[in-house]
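The values are calculated or read from the model by the stated rules, or taken from the named source; none is laboratory data. Just so you know, these numbers come straight off a predicted model, no measurement behind them. Note: ideal-geometry Cβ built from the backbone for every residue, glycine included; neighbour counts use all protein chains shown. For accessibility, only protein heavy atoms count, side chains too; no ligands or nucleic acids. Shrake-Rupley method; radii C 1.70, N 1.55, O 1.52, S 1.80 Å.
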Amino acid sequence: MPKSLLDLTDELLQHVAFYLHTDNFIPLPSFHPHHFNWASEIDPQVQLDYLSYRSTCMRVKELYPPKDLHVVLKKWDRLIEWTERAPSSILVGVRRLVLDVPPKVSMSLHTAWPILTRFLELLTNLEELILLQTPLCPHKHKVAPHYVRLFLNEVPIYTRDFLPRLKSFSISVRCDYCHEKLEHMFIPAIPLISTLKTSGFFLVEGADAEWSDFHDDTTMPLKTIYTKVCHNYLYESLPHCVHHCGSTRLT
């Protein structure tokens, strides 16, 4: 009698599952230095074969839960839907997230920030986060630096690690004025951060010191920083960015 899928051992089924889920072949981090300008490898298509495999029978479904999922969010309404309706089994299976949600003129920072952090807290196994656009940006047009400093005064104070397993973090927003704000809002909440992609403000604004303050002066586990330096004063500040880090590589 011919063998069927159900005749295979759990070990062989596991091998099949591994090769069907192509996230297993994408490095962490998946992003690259600024000068490469390659397309993102975060794509929900990578998990489709794995999820189809899970649907073949109850045995496989129970053996292999949703995991290593890629999510790309481009609308605020979808983010709300994920927060309120997504099953916990799916939320805990998300490994990589691209947030590409444009700003909402009618929404204040104090409204958007708690909703966003609540959503991110639900992704307890998130290891990679890329910010392309966020609803936290108020800058429709270029504004004066003094306005940015005033706006930064509204940034909510960090109180908890809402990204406890995140290792790779990329701030690739198109708004230059938001880089500094986003570093201060996110980096202290990432206890395991190992790779950071940003545009230079981290080097002088002390987000690394804030991280250390919130984590009992332990050594920041940051190993690699992908940055682009556009001004001489940022270039001269490069040595200061590793003050609270261990062995850190700048690219």
The stretch 32-44 - phi-based ³J(HN,Hα) in whole Hz, Karplus 6.51/-1.76/1.60, Gly and Pro as x: 10, x, 4, 6, 6, 6, 8, 5, 5, 8, 7, 8, x
In the stretch 24-122, the chymotrypsin sites (Phe, Trp or Tyr not before Pro) that fall in loop regions by DSSP, at most 15 other Cβ within 10 Å: Phe36, Trp38
Förster-model FRET efficiency, 41 Å R0, Arg118 and Thr9, C-beta, rounded to 0.05: 0.50
For the stretch 87-99, Karplus couplings with θ = phi - 60° (6.51, -1.76, 1.60), whole Hz, Gly/Pro x: x, 4, 5, 7, 4, 6, x, 6, 10, 10, 9, 10, 9
Amide proton proximity set for Val72, modelled H, under 5 Å, gap of 5+: Val98
Computed accessible area, His110, all protein chains, 1.4 angstrom probe, square angstrom: 110
Charge dipole magnitude, Cβ of K and R +1, D and E -1 - the stretch 1-76, Cα centre, debye nearest 20: 280
Full-stretch length increase - Ser89, Lys223 - with 0.36 nm per residue and alpha-carbon distance subtracted: 45.1 nm
Label-point separation, Met107 to Asp49 (7 Å along Cα→Cβ), nm: 3.6
Ranked order, Met58, Met220, Met107 - accessible area, probe 1.4 Å, largest first: Met58, Met107, Met220
